[in-house]
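Here's the structure we're looking at; comments come further down.
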Amino acid sequence: MSGLRRSLEAYYGDPAREAAMDAFYAPLVRPDDLVFDLGAHVGDRLGSFRRLGARVVAVEPQPLCVRALRALYAGDDRVTVVEAACGARTGPVRLHVNSANPTISTASAGFLRAADGAGGWAHEVWDAEIEVAGTTLDTLIAAHGVPAFVKIDVEGFEDAVLAGLSRPLPALSFEFTTIARDLAERCLDRLTGLGFTGFTVALGDEMAFALPGWRPAGEVAAYLRGLPYEVNSGDVYARTRPA
């Protein structure tokens, strides 16, 4: 509970941050759009998507986070909370839980190996494992419709999420880390194969793109390879639709 409380305190109650987030997402999320928030955690991005007028399907595997989301958005019929991990296939998923820092709980054994002994990660402990339900992007689309935007933040499981998608979408984002740059390149390759044509990057929690314009996947891959290790993480944005 203490880890969840810290997340709620960190992500809520900062009007300036919320305004910056809304301005950043406004070109990607329009009123009445359907948005999928994969790895919703405690819903700070979800809050932005709702303020922009979108309908949101929030997918989150951690029971405590799901309880928080359902409490925060109780009575909002434009928010659907799905308690599951999104990946390559349906069926049970083993989730590695970081109780002190639940935002980096993960279904990826590869992510745990990459973090083991890495600078800035030595203090992180995944102290529990739970079995959770698993779903796919294709399954979510069949149930809820085609989203205009998908936010994917699943701690090293991004390539599995994209393996469960078989069609292009207007736009999406996926998280990258500097401890697993090869994973980001696999995601870029997958998206290119699905028909995504424009890519860009936001670093850390900055609400701005680090690259001007939308670039080919190869340019973004080269940019990620050249980032200093200390950048730690960020998000790659991909689109098929024009600006």
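The values are calculated or read from the model by the stated rules, or taken from the named source; none is laboratory data. Being a predicted model, the structure only gives us computed values, none of them experimental. Backbone-built Cβ (ideal geometry, glycine too); neighbour counts: all protein chains shown. Heavy atoms of the whole protein, side chains included, go into the accessibility calculation; ligands, DNA and RNA do not. Shrake-Rupley method; radii C 1.70, N 1.55, O 1.52, S 1.80 Å.
Given their separation in residues at 0.36 nm each and the Cα-Cα distance between them, residue 90 and residue 64 gain 7.2 nm when the chain is fully extended.
Grouping the Cα pair distances of segment 1-153 into 10 Å bins from zero gives a pair-distance distribution of 11, 38, 36, 15, 1 percent in increasing distance order. With a Förster radius of 22 Å applied to the beta-carbon distance between residue 100 and residue 203, the computed FRET efficiency rounds to 0.35.
For segment 42-64, backbone nitrogen atoms closer than 14 Å to the point 7 Å from residue 78 Cα along Cα-to-C-beta are found at 46-57. Between residue 32 and residue 127, the contour length at 0.36 nm per residue exceeds the Cα-Cα span by 30.2 nm.
Averaged over its residues, the chain has an accessible area of 43 Å² per residue, based on protein heavy atoms and a 1.4 Å probe. In order along segment 96-109, phi translates into HN-Hα couplings of 8, 9, 9, 5, 6, 9, x, 5, 10, 4, 8, 9, 9, 5 Hz, rounded to whole numbers, per the Karplus curve 6.51 cos²θ - 1.76 cosθ + 1.60 with θ = phi - 60° and x for Gly and Pro.
Remark on residue 207: its backbone amide H falls under 5 Å from none of the residues 5 or more positions apart or on other chains, H modelled at 1.01 Å from N. Over the chain, Cα pairs under 8 Å with separation of 6+ residues give a relative contact order of 17 percent.
Pop out the carbon and sulfur fraction of the accessible area of segment 35-102 as a percent, whole number, probe 1.4 Å.
Accessible surface attributable to carbon and sulfur in segment 35-102 totals 51 percent.
The value of relative contact order for segment 38-172, using C-alpha pairs under 8 Å at least six residues apart, is 27 percent. Exposure here means at most 15 other Cβ atoms within 10 Å; with GluC sites (Glu not before Pro) in a DSSP loop as sites, the longest stretch of the chain lacking them is 1-123. A Cβ-based charge dipole, computed about the Cα centre of the chain with Lys and Arg at +1 and Asp and Glu at -1, lands at about 540 debye.
For residue 21, what charge total do you get from the other residues with a beta carbon under 11 Å from its beta carbon, if Lys and Arg give +1 and Asp and Glu give -1? Net charge in that neighbourhood comes out at -3.
Treating r as the C-beta distance of residue 240 and residue 116 and R0 as 35 Å, the FRET efficiency rounds to 0.45. Per-residue ellipticity at 222 nm from helix content only, as computed over the chain with -39500 (n - 2.57) for each DSSP H run of at least four residues, stands at -9500 deg cm²/dmol. Scalar couplings 3J(HN,Hα) for segment 132-147, obtained by applying the Karplus form with A = 6.51, B = -1.76, C = 1.60 to θ = phi - 60°, are 10, 5, x, 9, 10, 4, 4, 5, 5, 5, 4, 7, 10, x, 7, x Hz; x denotes Gly and Pro.
Histogrammed with a bin width of 5 Å, the alpha carbon distances of segment 116-243 distribute as 2, 10, 20, 22, 19, 13, 9, 4, 1 percent, first bin at zero.
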